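> After the structure tokens below, expect a handful of questions from me.
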Amino acid sequence: MWQQIGSRPIEALLDLPRMADPVWHATMDVLTALVTSALFTDRNLYCVVIGRMVNLSLEHGNSDASSYAFAFLGTVLGGQFGDYKAAFRFGQLGFNLAAKAWAGSL
């Protein structure tokens, strides 16, 4: 994930292109449906699901589910890795992306 982000600031991910491929949209929808079950089943599985959603967003653009993935990435970065600064920034990114989608400009 960090390699895909490269030198871009986290906040710049708000401007990723819109995910266009319906297959990737469907994949994101399936992964979104798995998040809660993964959280209550296995914390490592939860981290993998969230990480995969974020990587798909980085590779193929933002979708409606990307805001969810970025926001929950904050729980992984803070809780699992102690990187609370990045966790907050990704949580803020998820919020801003949802606000952008709600405003109809995503």
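> Leaving out ligands and nucleic acids, and using a 1.4 Å probe, what accessible area per residue does the chain come to in Å²? Before the final figure, lay out the partial values.
Values: 5880 Å² over 106 residues.
Heavy-atom SASA per residue in the chain reads 55 Å².
> Then there is this: Using θ = phi - 60° and the Karplus relation 6.51 cos²θ - 1.76 cosθ + 1.60, list the HN-Hα couplings for the stretch 90-95 in order, rounded to whole Hz, with x at every Gly or Pro.
Listing the rounded values in order: 5, x, 5, 4, x, 4 Hz.
> Go through LYS85, LYS100 and list them by solvent-accessible area, largest first, probe radius 1.4 Å.
Working: LYS85 160, LYS100 50 Å².
The ranking, largest first, comes out as LYS85, LYS100.
> Another question about this same structure. Just how large is the dipole of the chain about the Cα centre, in debye to the nearest 20, putting +1 at every Lys and Arg Cβ and -1 at every Asp and Glu Cβ?
220 debye
> In addition: When the solvent-accessible surface of protein heavy atoms is calculated with a 1.4 angstrom probe, in what order do PHE95, PHE81 fall, highest first? If you can, show how the numbers build up before the last one.
On the way: PHE95 130, PHE81 150 Å².
I get PHE81, PHE95, largest accessible area first.
> Give a residue-ordered list of calculated ³J(HN,Hα) values for the stretch 38-43 (Karplus: 6.51 cos²θ - 1.76 cosθ + 1.60, θ = phi - 60°; whole Hz; x for Gly, Pro).
Along the stretch 38-43, the couplings run 4, 4, 8, 9, 7, 4 Hz.
> Enumerate the amide H contacts of SER63 below 5 Å, restricted to partners 5 or more residues apart or on another chain; note that Pro and chain-start residues carry no placed amide H.
For SER63, whose amide H was placed from the backbone, the distant partners under 5 Å are MET19.
> Using the scaling law 2.2 N^0.38 Å as the reference, what is the normalised Cα Rg of the chain? Before the final figure, lay out the partial values.
Values: Rg = 12.8 Å, N = 106, 2.2 N^0.38 = 12.9 Å.
Against the empirical 2.2 N^0.38 Å value, I get 0.99 for the chain.
> Counting only the backbone N, which residues of the stretch 49-85 are under 14 Å from the spot 7 Å out from the Cα of ASN96 toward its beta-carbon?
The answer is 67, 70-71, whose backbone nitrogens lie closer than 14 Å to the label point.
> Right, next: By how many nm would the segment from THR75 to ARG43 lengthen if fully extended, with 0.36 nm per residue of separation less the alpha-carbon distance?
That works out to 10.4 nm of additional length.
> Over the stretch 53-106, what number does the Rg to Rh ratio reach, with both radii from the alpha-carbon atoms and Rh per Kirkwood?
The Rg/Rh ratio comes out at 1.00.
The values are calculated or read from the model by the stated rules, or taken from the named source; none is laboratory data. Note that this is a predicted model, so its numbers are computed, not measured. Neighbour counts are summed over all protein chains in view; Cβ atoms, including those assigned to glycine, are modelled from backbone coordinates with ideal geometry. All accessible areas refer to the heavy atoms of the entire protein, side chains included, with ligands and DNA or RNA removed. Shrake-Rupley method; radii C 1.70, N 1.55, O 1.52, S 1.80 Å.
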